[in-house]
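Peer 1: Can you keep this structure in mind? I'll have questions shortly.
What follows is calculated from the coordinates using simple rules that are stated; it is not laboratory data. Quick caveat: nothing in here was measured; it's all calculated off a predicted structure. Positions of Cβ are generated from backbone atoms using ideal geometry, with glycine treated the same way; all protein chains shown enter the neighbour counts.
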Amino acid sequence: MKPAALVALVLAAAPAHAMDDARLAQLVRQRLDGDRTGACMAVAVVERTHVSRTFQCADPAEAGRIGPEVAFEIGSVSKTMTAVLLADLIQQGKGSLDDTLASWLPEGTKVPEFQGQPILLRHVVTHASGLPSLPSRGMDLARMDDPYARLDAEALLASLGDVQLDHAPGSRFEYSNYASMLLSYAVARRAGTDLETLLQQRLFAPLGMDHAYINRRPDGVREAKAHGSHGKEVPAWRFATDLAGAGGVRATLADMVRYVQGGLALDDTPVSRAMVMTHAPVSQPPPMGMNWMIAPVGSRKLLVHDGATGGFSSLVILDPEQERGVVILSDTNWIAVGGLASLGNHLAEPSLPLGKPRRAATPPAELLQALVGDYQVQGGMKMSLRSRDGKLFLQPAGQPEYEMAYDDAGDFHPRDFDALLRPDMRSDGTYAFTWMQSGAMLQATRFGPRADFAQPSPAELAAYAGTYPLAPGFELSVREEGGRLVAQATGQGAFPMEAVAKDRFEAPALMLELHFGRDHDGAVDALELHQAGRVLRGQRQAR
């Protein structure tokens, strides 16, 4: 599962026009045809009196991979279904959004608080609980091909004892799959049954979602094969039943059409009333219902949630005012390559750009040369990039070398596993990159000098020495020591800097850069400290 991305929408928009099967097929082909991921998609646009559907693949020869009988893993869209179950319990008088999370868990469970402020259910359904993204116990993060398979309720609850909240619940949006799994477990426990039975009784059966399931696949349903964004088949993820409300539901396109129809309240039923309750604003910013992102488009408000697991992607958009909805299910993980947002946005609001396929391309020779070097990725991993015969090769420390392919969006990707390398050109013309894998976006910075850069002499390094006030009560002292530049911040230990370009030094382990400025006579007189997206500037104190 990945953190849900609020779909970017323009402020002014015209009402969407009615869709038919032929037009929908044309639009999906335009977005998907020839895409280097090889993805297949099942797509529907739901309107009050009509539903348009299409099944498309980047390579038409792969069309047999999907069809009406095929169930897709819908990932974090499952969270909206857990919210419906919670709303249903609340409407039955069995709880409230202002209940503490602790009161829905087994007695004696240690649930963290912040200065006496407990986590409430409203904080969980708006991703403001303060709990981390993942539990500390029970997950096998060494094999991201199926990370949740061994996680059970015992480890989930025990992980709460490892958490210390550093801010008040409700004060900050931080997407948490962990909190959502706790809610999934808590809802099943409060209802007195397992989550799959609860979903069947209170959601799937009332809506006619006859082929939706978690682990008990109905007869006549074919499970889609999962694929990475590199186009190769990968294992599907598995969840313990009572934790699967965070990302483990599987459904056909017809099931999801019925789910959207229920969400649009086209029929007045108990389940539709519970679904409508999940749409009401609970918190902002960002504006959220119960596990729904609320996205403004003109005077309307759309309800949005996307999802992705190791080999699937999904997107649901509801437009209650126009009684219209969009469903996209893909048998390919599109997290790193931008998800399904551009297609979904366009189908929900035609004035928004449709986007285009990613196609294989040849990387520019100058880009390859600029990327060559050794890097440290946020979190500590080191990687080396090398160029041979017009190709880029990646070698993580202690691992084999991998050939990288390139696409016309300007990104590289390994041919052998699912990840993305996005080059980042800096203001001085040098390159770093962003590494995207398993939903994480990690910054990589070069360590060591550029190949064409001559290391400064001790005398040249001494020219940078001095004290640079950067903020009230905070200054950076710089000195030459043993042929290297050493820096020390107020109240902290000294750390060595590596010269990587003229007037530029880095401390890769700290993800920190120093950029020095010079006066009109060429003397060093200023410094910029770059770290974690922040820039602090200071003039050198007079000696």
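Peer 1: Quickly rank 246-255, 263-272, 518-527 as a protection proxy: mean count of other C-beta atoms within 10 Å, highest first.
Peer 2: Listed from highest to lowest mean packing, they are 246-255, 263-272, 518-527.
Peer 1: Could you calculate the contour length gain from ALA471 to LEU367, that is, 0.36 nm times the residue separation minus the distance between their Cα atoms, to one decimal place in nm?
Peer 2: 33.7 nm
Peer 1: THR109 versus ASP267, label points 7 Å from Cα toward the beta carbon: distance in nm?
Peer 2: 3.3 nm
Peer 1: Please turn the phi angles of segment 337-343 into ³J(HN,Hα) values with the Karplus equation 6.51 cos²θ - 1.76 cosθ + 1.60 (θ = phi - 60°), one per residue in order, whole Hz, x for glycine and proline.
Peer 2: So the Karplus estimates, Gly and Pro as x, are 9, x, x, 9, 4, 5, 5 Hz.
Peer 1: If you don't mind, there's one more thing I want to ask. Each residue of segment 103-116 in order: what ³J(HN,Hα) in whole Hz does its phi give by Karplus 6.51 cos²θ - 1.76 cosθ + 1.60, θ = phi - 60°, with x for Gly and Pro?
Peer 2: 6, 9, 10, x, 4, x, 5, 7, 10, x, 10, 10, 6, x
Peer 1: Where in segment 296-386 are there trypsin sites (Lys or Arg not before Pro) that are in a DSSP coil and have at most 15 other Cβ atoms within 10 angstrom of their Cβ?
Peer 2: ARG359
Peer 1: In nm, give the distance between the simple-model label positions of LYS232 and GLU498, each being 7 Å from the Cα along the Cα-to-Cβ direction.
Peer 2: 3.0 nm
Peer 1: Within 10 Å of each residue's Cβ, count the other Cβ atoms and sort MET293, MET425 from fewest upward.
Peer 2: In increasing order of surrounding Cβ atoms, one gets MET425, MET293.
Peer 1: If you don't mind, another one. When only Cα pairs under 8 Å and 6 or more residues apart are kept, what is the percent relative contact order across the chain?
Peer 2: So the answer I get is 15 percent.
Peer 1: Can you list the HN-Hα couplings for segment 388-397, worked out from phi with the Karplus curve (6.51, -1.76, 1.60; θ = phi - 60°), rounded to whole Hz and with x for Gly and Pro?
Peer 2: Per residue, the Karplus-derived 3J(HN,Hα) values read 8, 6, x, 10, 9, 10, 10, 9, x, 4 Hz.
Peer 1: In deg cm²/dmol and to the nearest 500, what is the mean residue ellipticity at 222 nm of the chain if only DSSP H runs of at least 4 residues count, each as -39500 (n - 2.57), divided by the residue total?
Peer 2: My calculation for the chain gives -5000 deg cm²/dmol from helical runs alone.
Peer 1: By count of other Cβ within 10 Å, fewest leading, how are TYR431, TYR178 ordered?
Peer 2: Arranged by neighbour count, lowest to highest, TYR431, TYR178 become TYR431, TYR178.
Peer 1: Right, here's the next one. Lys and Arg at +1, Asp and Glu at -1: add these up for the other residues within a Cβ distance under 13 Å of ALA153 and post the number.
Peer 2: Value of the local net charge: -1.
Peer 1: Would you mind checking which residues have amide H under 5 Å from ALA71's amide H? H placed 1.01 Å from N; only 5 or more apart, or other chain.
Peer 2: Amide H neighbours of ALA71: ARG222, GLU223, ALA224.
Peer 1: Using Cα centres only, tell me the gap between segment 462-527 and segment 78-149 in whole Å.
Peer 2: 45 Å
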